[in-house]
Amino acid sequence: MSDVIVTARELTRTFGAFTAVDRVSFEVERGEVFGFLGSNGAGKTTTIRMLCGLLAPSSGSASVAGFDVASEADQIKRRVGYMSQRFSLYDDLTVAENLRFWGGAYGLFGDRIDRRAAWAMTTAGLEEQCDELVRELPGGYRQRLALGAALLHEPPVVFLDEPTGGVDPAARRRFWDLIDELAAGGTTVFVTTHYMDEAERCHRVALMHAGRLIGLDSIPALKRTFPADSVVEISCPRCAQALVTLEALPGVSEVALFGETLHAVLEHSGGLEALRAELAARGFEPAQVRAILPSLEDVFIRAITEAEAGEAVPTTGGAT
């Protein structure tokens with residue numbers, strides 16, 4: 001049997017004439033790391049707030065851990081962990097004091113709160129900082145503490161809204177190691193992020209744009225929507241000028257700078273030699289053109305382009 005723990009059906013939220021979330025549907029299974037990828041204003045946070053029971057849907061339906069978000073919001077709040085974009089712990093309390101406070105807020109008392117607070121400090125790697133004021137902690141430590149606090153009551157689902165914003169790459173890597181451990185233990189992790197490398201670590205990714213779901217599947221499946229050899233890397237002199245030239249060529253749908261190279265998306269597979277010849281004819285020699293696997297950024301940009309053009313975007317890949 002399927003072990004679906006989060007379900008959304010045509011979930012919609014409006015604010016006056018503005019539609020923040022527009023008929024979004026998906027399912028998430030127990031133990032899955034489910035990523036929400038999209039720019040600011042795409043509807044990610046609004047969707048999470050509805051799923052956490054913090055915001056009522058305007059229409060559609062959703063359930064989390066078997067409870068309806070519209071009629072059983074209080075039940076959901078007691079059974080999920082939520083880590084918002086803004087750091088929500090108390091700067092003037094120590095690490096240990098914050099954990100005890102939030103444990104009490106979740107209804108933990110006695111031996112259980114002692115055990116869970118000790119677990120959270122160990123899991124977050126904060127045993128040596130237990131008596132430090134939170135305001136004195138580096139950003140990565142604060143984020144790990146916030147995650148530990150959100151998990152004190154052992155929720156089956158945890159929602160993380162851009163949890164690693166503003167922390168260094170090493171801290172982000174450590175944070176995602178914790179997410180992997182949680183998922184391996186059966187916790188469902190619903191996470192929004194702007195970082196493509198983080199999205200690559202999700203089991204599946206939902207692509208959001210202008211309040212709509214424009215793609216949903218595993219990363220390999222999303223990348224396979226590109227025809228073989230249609231994404232190429234180009235190394236040549238004067239890349240900035242070459243970009244302008246490539247944008248004007250027929251059969252080239254997208255071009256972008258990637259460091260000291262260019263990435264181009266061709267409308268049809270193949271054509272590498274023809275592209276190399278075009279560059280040489282325009283004075284961009286020596287030019288090297290090779291087919292590469294599309295990046296998740298390539299997938300996202302293409303999905304946005306097709307959505308804005310009104311083309312159908314694959315949103316396959318239901319709960320796996």
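The values are calculated or read from the model by the stated rules, or taken from the named source; none is laboratory data. Keep in mind it's a predicted model, so treat the numbers as computed, not measured. Don't worry about glycine lacking a Cβ; one is built from the backbone with ideal geometry, like all the others, and counts go over all protein chains shown.
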**Study point:** Residue check, Val28 closer than 17 Å to Ile76 by Cα and part of a strand (DSSP E or B)
**Key:** yes
Q.
Looking at the structure I just gave you, is Arg23 part of a strand (DSSP E or B) and under 23 Å from His194 (Cα atoms)?
A. yes
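One line per residue, one yes/no per condition, for (1) at pLDDT 85 or above; (2) buried (at least 19 other Cβ atoms within 10 Å of the Cβ):
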position: Gly259; (1), (2): no, no
position: Arg276; (1), (2): yes, yes
position: Leu279; (1), (2): yes, yes
position: Arg290; (1), (2): yes, no
position: Asp298; (1), (2): no, yes
position: Ala303; (1), (2): yes, yes
position: Glu308; (1), (2): no, no
position: Pro314; (1), (2): no, no
*asked:* Is it the case, given these coordinates, that Ala210 is over 30 Å from Leu145 (Cβ atoms), surrounded by fewer than 19 Cβ atoms within 10 Å (Cβ to Cβ) and in the same structural domain as Ser88 (by TED's automatic domain parsing)?
replied: yes
Flagged in segment 132-174 as within 22 Å of Leu93 (Cβ to Cβ) and of a type in the set (Lys, Arg), in numbering order, are Arg135, Arg142, Arg144
Any chance Gly148 is part of a loop (DSSP other than H, G, I, E, B), assigned by TED's automatic domain parsing to the domain that holds His209 and under 20 Å from the mean Cα position of the chain (by Cα): no
Flag if Ser218 is assigned by TED's automatic domain parsing to the domain that holds Phe36, among the polar types (S, T, N, Q), surrounded by 13 or more Cβ atoms within 10 Å (Cβ to Cβ) and modelled with pLDDT of 85 or more: yes
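This table checks each residue for (1) without any contact (Cβ under 8 Å) to a residue 60 or more places away in the chain; (2) aliphatic (A, V, I, L, M); (3) closer than 30 Å to Asp177 by Cβ.
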site: Lys223; (1), (2), (3): no, no, yes
site: Ile234; (1), (2), (3): yes, yes, no
site: Leu246; (1), (2), (3): yes, yes, no
site: Leu249; (1), (2), (3): yes, yes, no
site: Glu273; (1), (2), (3): yes, no, no
site: Arg282; (1), (2), (3): yes, no, no
site: Ile304; (1), (2), (3): no, yes, no
For segment 79-104, pairs from a residue that is within 18 Å of His153 (Cβ to Cβ) to a residue that is modelled with pLDDT under 90 and of a type in the set (Lys, Arg), with Cβ under 8 Å and 6 or more apart or across chains, are Leu89/Arg142
Here, helices (runs of 4 or more DSSP H) confined to segment 35-117 with at least 1 residues that are in contact with a strand residue (DSSP E or B) (Cβ under 6 Å, 6 or more places away or on another chain) and polar (S, T, N, Q) are 44-51, 73-79
